[in-house]
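One structure below.
Every number here is computed from the coordinates shown, using simple stated rules; none is lab data. The shown structure was predicted, so the numbers you read here are calculated from the model rather than taken from an experiment. Virtual Cβ from ideal backbone geometry, glycine too; neighbours counted across all protein chains shown.
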Amino acid sequence: MFLHPMNDPQDTFDTEASFEPEPIFEPFSSELLTETRLTLAAQTLRQIQESLGHVLALLEGAEPAEAIRSQAALVAAKQSLAREIAETSAVQVIEGVFDGQNMIGSDGKMHAVPENYASKSLLVEGDMLKLVLKRDGTHVFKQIGRVERRRLSGVLSLDVASDEPVVGCGGRTYKVLPASVSYFKAVPGDRVTLVVPKSSRSVWGAMEHVVK
């Protein structure tokens, strides 16, 4: 394999991901979504009302430790309501496996994962993801499962045949996402640390940092 130095080593790491949206699936009926959200809201508001009454009673009874625990439960209930409403506002939720660049979904399709998200989250091949397709057309990925990992050290270079950044580690070469190279402002010849699956061979590695 012939390697040559990468161009533009000072490229910046975008804070917002840019990618092509997947096709929008047929949405649930607005009546069903509204009914579901109202039901969830009513249930959670009843929990909040009960928790507020309990907190007030505890404060009046001078039991601050128990009051703090009840306040924490109140906050958790509010956060749960927000998550549930977000889920019911989705057109579809798809789970899948990360292959180094994309999510292979349970729907049999390949969904492009934004490089910035994959790089910042240190995703490696085999990690489980959830893709939420929103009614407004936006796509939201969330990591829901992680495979066991191991760290390797290698030297960054560029594969002239594929024009992709690669890292050589002990006789093996791993592809790395260009976004992670830009984020760390890495240049050819830099020694970097990669994260890869512990118990399986992979094509891709996640760049963790540059070794100074």
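Observations on the model:
- Lysines whose Cα lies under 17 Å from that of Lys198, excluding same-chain neighbours fewer than 8 positions away: Lys175
- At R0 = 41 Å, FRET efficiency that the Cβ-Cβ distance of Val93 and Val160 yields, to 0.05: 0.50
- Alpha carbon convex hull of region 93-143, volume per residue in cubic angstrom: 67 Å³
- Estimated inter-spin distance, Ala76 and Asp107, nm [label 7 Å along Cα→Cβ]: 3.3 nm
- Figure legend: label point modelled 7 angstrom from the Cα of Arg151 along Cα→Cβ; residues of region 197-212 with amide N under 11 Å from it are 208-211.
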